[in-house]
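Just below is one structure, and these are the notes that go with it.
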Amino acid sequence: MALLAVGVNHKTAPVEVREKVNFAVDRLPHALTELTHEQGVNEALILSTCNRTEVYCGLDKHDDQRVIEWFIRYHELGNTHIEPYLYTHPDAQAVEHVLQVASGLDSMILGEPQILGQLKSAYQTAMRTGTIGRLLSRLFQHTFAVAKQIRTDTAIGASPVSVAFATVRLAKQILGDLSKKTALLIGAGDTIELVLRHLHENGLGRMIIANRNIDRAQQIAAEFSGYAIPLSNMPQHIAEADIVISSTASRLPILSKGMAERAVKVRKHRPIFMVDIAVPRDIEPDVGELEDVYLYTVDDLKGVIEENVRTRQQAAQQAEQIIETEVLRFMRWLQSLDAVSTIRALRERAETHRQEALDKAQRRLEHGIAPERVIQELAQSLTNKLTHTPCVQLRSASLERRHDLLEAARELFDLHNGRRR
């Protein structure tokens, strides 16, 4: 049984590569099912966010290339040179990686908590789809427990840092006082809700929330005294916004260069600060070429984020020490599985010998043989059967000077100079 993690993230691949391998939420069950139909792939979980796409698999044996080939084929990448951006982590490396991911140590913002919720959601999707088995179940239950321990025992999550926090901080740096500014938020997911919370806390003057599901938009707008509109009305409201922040699950851009150009003219060239948090991107990259539009993507937020990383470095070191210990603990469990089939086979053989000896003893009793004699023969027969094969193998090992095997036998049967300790 082998464990494998394959993926790309914000460290290994730019946004234009990550958006090509993003898994749409509604397609995840199909992708998981298809992957587990690959030969040798027994279990699977897919984590797909704006900053990373990762596939975790339980395999019959190590076969990185089979999973990579499926990954490329599923996304119809053809001859696209995606492999240089991919990382593969087998066994202990995969355990260490997922613990780092869940704890926020591998995030763009060190220690951010949102990824743990996304990982739990990915786990639930895989559970519902039926692609979680014993290996991945144990791995992710262990992962969630370790992530909780790190949150409790270190200061990794002490500061309120996230993509949302970095976005609002950058808006303040560019626009200054937000009390007289209007923000247009496109989407109504967790990230947008977090952005809204930070904007509200920083005294934003007015906010508009555009979403396909108007009920959801109205729900979060009411919490922050905002104004909800259907997504179809979004183009007419861009000119009102000093700040535009978008994070939807759309597969194609929803804010075009033409929309932005019209808004800039209406605003008489008053600047607009735009942040596209979505992957795939919601705002056409060409929008960034317009004067008076300051367009940022998730990758552009790195500079803002780096200021917050330093405060978490010491906590991260403590977290790494916890992870190192927990990787060893999980790998001991995984390695113990190798012994399970051997132990089962040994017990089955012993049970066969026991049953054969017992059947023979019962037949001899039925033929009137004295019970004392039958018991003696039963014990002798069972002893011979259980020790015959090991003794033959040990004699062979001695002739072949396999001292390692002889020493292993002494340890296995707890022997010392031929006598029990």
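Each reported figure results from applying straightforward, stated rules to the coordinates on display, with no laboratory input. Keep in mind the model is a prediction, meaning the values are calculated, not measured. Cβ atoms come from the backbone with ideal geometry, glycine included; neighbour counts cover every protein chain shown.
Look at the dipole of the chain built from charges on Cβ: of His367, His10, Ile277, the Cα furthest out on the positive end belongs to His367.
For the chain, a simple Cβ point-charge model (Lys and Arg +1, Asp and Glu -1, everything else neutral) yields a dipole of about 1080 debye relative to the Cα centre.
Ranked by the mean number of other Cβ atoms within 10 Å of their residues, highest first, the peptides 6-16, 396-406, 173-183 come out as 6-16, 173-183, 396-406. Average 1/r across all pairs of distinct alpha carbons in the stretch 370-420, invert it, and you get the Kirkwood radius: 12.6 Å. The separation of the stretch 261-286 from the stretch 1-65, counted between C-alpha centres, amounts to 32 Å. Indicate the gyration tensor shape class of the stretch 163-309 (rounded, prolate or oblate), computed on the Cα atoms with a ≥ b ≥ c the square roots of the eigenvalues: a/c under 1.5 is rounded; otherwise a/b larger than b/c is prolate and the rest oblate. It is rounded, given that a/c, with a ≥ b ≥ c, falls under 1.5.
Amide H contacts under 5 Å for Tyr296: Met274, Val275, Asp276, restricted to partners 5 or more places along the chain or on a different chain, H placed in the peptide plane at 1.01 Å from N. Take the Cα of Glu306, step 7 Å toward its Cβ, do the same at His403, and the gap between the two points is 5.8 nm.
For the chain, the alpha carbon positions stretch 111, 42, 41 Å along the principal axes, listed from largest to smallest. Rounded if a/c is under 1.5, else prolate if a/b is larger than b/c, else oblate: which is the stretch 2-153, with a ≥ b ≥ c the root eigenvalues of its Cα gyration tensor? Oblate, because a/c is 1.5 or more while a/b does not exceed b/c. FRET efficiency for the Glu411 to Arg373 pair, using the beta carbon distance and R₀ = 35 Å, is estimated at 0.40. Charges were assigned to the Cβ only: +1 to each Lys and Arg, -1 to each Asp and Glu. The resulting dipole of the stretch 2-153 about its Cα centre is roughly 440 debye.
Distance between the modelled labels on Thr383 and Lys265, one decimal in nanometres: 10.3 nm (7 Å Cα→Cβ projection).
Considering only beta bridges that DSSP places wholly inside the chain, some 50 percent are antiparallel.
Once fully extended, how much extra length lies between Asp64 and Arg349, figured as 0.36 nm per residue of separation less the alpha-carbon to alpha-carbon distance? Computed gain between Asp64 and Arg349 is 99.0 nm. Distance between the modelled labels on Asp299 and Gln149, one decimal in nanometres: 3.7 nm (7 Å Cα→Cβ projection).
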